[in-house]
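Any read-out appearing in this document is the output of simple, stated calculations on the displayed coordinates, not a laboratory observation. In this text the structure is predicted, and so the values were computed from the model without any measurement. Here Cβ is always computed from backbone atoms with ideal geometry, including for glycine, and neighbour counts include all displayed protein chains.
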Amino acid sequence: MVSSPDLFGAGQSSPVPPDRWLLATNQLNLCYLLAAGMVMPPAGFGDKYYRDSLDYFPGWIPLFPERVPVAVVEHSVRERPHLRPCVLELEPGGLHGPLLTLGGLGELRECQFPGEWQGDEQALLVPAPLPASWIRRILLASPEDRKTLESRAQDYANVPLGDFPLAVLKGKRFPVAPGAGWPPAGVAVPGREAALAVPRAAGAMLAMLAHLAGRGETGARLCRLAFDGELDEPAALDNPMLAALGEWLRLGHAPATDDVSQRLFWGVIDQVIHRDPALDPRDAVLAHLETASAGLDERLRGAFARLIQDLRTLAGLPDSSADELFERHPRSFPRALILFFLRERCEELLEYRHPALTEPDILAAALLFAAREGWLGLPLALRQLPGLSAAVSVRMAALAQRLGGTDLDLGPAPPRPRSLRELFAPGPRGWSKAQSEAALQLARDMKWPGIRTRVKLGKGEYRLEVGGGGLEIVMDGEVKAVVTEVDPDMFFAHLNATPIPAKPEQRARVRLTA
Amino acid sequence: MAARRFQLPGVQELGKQQEDALMLDRDGQHLIIGGPGTGKSVVALLRARRLQRDGDDYVFLVYNRLLLLASRQLFGEALRSDTWIGWFRRTFQRMTGNPTPCRGQPWDIDWPAVERLLLDFTPHSHQNLPHLIIDEGQDMPPAFYRSLVALGFENFYVVADQNQQIEPERHSSRQDIQEALAIAPERVVELRTNYRNRYPIARLAREFYTGDPASPPPALPPVPSGGVDTPILFDYRRDQYRATLGRILTLARNQPHKLIGVIAPTDQVRLDYVAGLRAGDAAAGGMVAVRTYASRADVTGLRFDEGGIMVINAQSCKGLEFDTVFLADIHGHRPGGLDTDLIRKRFYVMTARARDRLILLRARSGDSPVLGILPRDPALLARFPRPPVREL
């Protein structure tokens, strides 16, 4: 049957791009990009990149609809005999903007995605990076490959393989286009560099602030600023050094300012992020302080000279205790630097407690630590707040796209994770049932004081009996109610002051959302 | 004291060479060669974890009881580990029915006698023998490896650095291990890049490298001079001894989750430091755990999974790792008299024990052949107090 031509185009609609896209790589690169939270160009892997589909057009991510050319899968495991292939299924739902496509005959086209999708393309070339949270499934060729991948991921502290579904393909075959060579001959795509250092640091900052948001109001506000880019009220954060985080995230570098602490602090952050990898980050800090303090007035110069001397001694053979150093340097900027020299890893900072330190001291230090470690350096334990990884992954990639000037829109980012402090915020009539139960669970897990039990008894006469097992109240009939609860004031005092391990926090969150 | 645990590496911390070593076939004979800081022990441990996860039988063999304790405390009791001598003696007796021939002391195995007994031994072809993962494999004699093969063991994963020998007369060279286990040269994996050590510490260690091409030193990129983590040579006057110990204690209090190793040249120096550190700590309120160990002593009470200070002598430091290392009174080292080659080997081993920070302590009046092997370049070893600038 031959259909009659529709002369007016009625019934014809623009081709709709597929909702899943395929990326071919190998298991070791997969582990790296899952840890990094982004699908990155080869340069993002440092010196640990194994050649895969990402190196055909450096800076561009080749995504295939439906099938991957078999040559691409083979290329992805050629570098080492121990490499195993895998194909990632991505769902870039919110992707909008300019990118490149390779047409059916291998011709390169500029494309405003998704509107200019023509339907005959063999691949998208998307400016890197993309969020790793867009990976919907990891396709593997065999149960053995699945076992190998699971085993490899467990060798590392920061590969969140468990966040992603694995699928072993029937018949041990990837969705490949057989016989197709790739890339098409004669295609020349200009290489591009992706800005990854700042997004990685920003990712770690988001994570640290998500963990610190429960410690106090300043942390909660700074967390909202970092994730959502705005504050409920402009004057809500009265610490200009910390408040400059919003501007730093917008620009990708230290904003210009006359405020000395703010300028030096964000200058230090920039130096730590962009340091020579062979250089100890503490040296980057000292070098910046020495250079920057030269332009200060004599009084400030003297103060910075003392701080620099204290930091140097702290890194070598120290003659001052932490107490003495905090007493000598009462402001947040030098205290953050002292912490930076006293502790190495983000989780160590989160566990650190000192009575002299204020909330802004810790928050400033958290930003510095995040700049040093980046999201890639964070162990899984710091990524396990529900929703954190996805929220950070999309924001890191979006920031990289913005700083790279690609005009690519990744769509709305997932909402930020809410702190326990927010989740326990009482309503007009106090805590809900779920909040009360979660508070009790957390207080029990953490062995906090402030748990009390209310026993409601009916009217009557009671007899107290003291025996070997303790005191007993004996009465006729039944108890009306036994209510165990937590004193909210004591609960919040402990919540603000105590580091909470992942498991109790997880249990409390489950109860809160039950 | 704060808890201290082994941390798995991040994916970005393990390089391609380490992964090549880790991904070697599960079965067979493998030799991994690398200098200090190349991460060979981490690779060996990850290998053991994999075998454990897969339900394979294995034993992780270490050199002495101190290393056994450290590996169990840091990696967990689930790690199936043992000391190589104790394990060998039990295994030999179980498999052959004969007690292991020894020369007097139980740890002094009579290897020629062992090998003579094994000439008549026929291993059962169907027996399931464990995979052997051997750390610091250079410290076991060639006869150990030959005897294991004669007993029927087939699966070896040996990590070694030929230059980390404190008792060179009892070691195996790379070639010895290759020959004993029939490993083809092309199947040996060489780790040449630095893993976790701070570059300046690995660079200083290389100054003491005695130049055996069979075990290459790690490749190191150029490091800017004057960095905060440059190892320090601290010259103290006799009247500054207590103050110097006070600084070690301050460091321990500032970083209670870190383990500080103080490595002494002699047992007397070890005892002096222990007494001085404990007295200093007691005077300040007793916040720091100061522990000590002498060769072949009881290891009960030693903790590698807590911060604090551990004072040991040079003979016991092999294979251990501390966050900070103080080489105490370095003028007291005299292994082999004036043989600077032996002194260099000892310093190569001792310096490589430091993960983050390395400080050499010397009484200002002390004179010793050690001073002749220390680099003059302040980029490699910063000196405090700084030497006076010579007027031209």
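For this structure, a couple of remarks:
- On Cα atoms only, tilt of A:260-273 relative to the major axis of chain A in degrees: 50 degrees
- Volume per residue for the range B:11-191 equals 124 cubic angstrom (convex hull of Cα atoms).
- Set A:K147/B:K40; B:K318/B:K345; B:K16/B:K345; A:K147/A:K503 screened for pairs whose C-alpha atoms are more than 22 Å apart: A:K147/B:K40; B:K16/B:K345; A:K147/A:K503
- A helix-only calculation puts the protein assembly as shown at -11000 deg cm²/dmol for mean residue ellipticity at 222 nm, using -39500 (n - 2.57) for each DSSP H run of at least four residues, averaged over all residues.
- Partner lysines whose Cα lies under 16 Å from the Cα of A:K456, excluding those fewer than 8 positions away in the same chain, are identified as A:K480.
- Rel. contact order, % - alpha carbon contacts under 8 angstrom, at least six apart, the range B:11-191: 33 percent
- This model, with +1 at the C-beta of Lys and Arg and -1 at the C-beta of Asp and Glu, gives chain B a dipole about its Cα centre of some 1300 debye.
- At the listed q of 0.17 Å⁻¹, the Debye profile of the range B:199-391, built from one uniform point per Cα, gives log10 I(q)/I(0) equal to -1.19.
- Counting other Cβ atoms within 10 Å as a rough exposure proxy, the listed residues A:W134, A:W448 run A:W448, A:W134 from fewest neighbours to most.
- Along its principal axes, the range A:240-285 has C-alpha extents of 31, 20, 14 angstrom, given from the largest down.
- In degrees, nearest ten, helix B:84-96 long axis to first principal axis of chain B (Cα): 10 degrees
- Cβ-based exposure ranking for B:V274, A:V189, in which fewest neighbours within 10 Å come first: A:V189, B:V274
- For chain A, Kirkwood radius (reciprocal of mean inverse C-alpha pair distance, Å): 26.3 Å
- Mean separation of Cα contacts under 8 Å, 6 or more apart, over the residue count of chain A: relative contact order %: 15 percent
- Mean projected area of the convex hull spanned by the Cα atoms of chain B, taken over all viewing directions: 21.0 nm².
- The three principal axes of the Cα atoms in the range A:58-180 give end-to-end lengths of 42, 32, 26 Å, sorted in falling order.
- The angle between the Cα long axis of helix A:359-373 and the longest principal axis of the Cα atoms of chain A comes to about 30 degrees, rounded to the nearest 10.
- Viscosity 0.890 mPa s, 25 °C: Kirkwood-radius Stokes-Einstein D of the range A:425-498 over Cα pairs, µm²/s: 168 µm²/s
- Burial ordering of A:C31, B:C102, fewest other beta-carbon atoms within 10 Å first: B:C102, A:C31
- Dimensions of the protein assembly as shown based on its C-alpha atoms, expressed as ranges along the principal axes with the largest first, amount to 101, 90, 80 Å.
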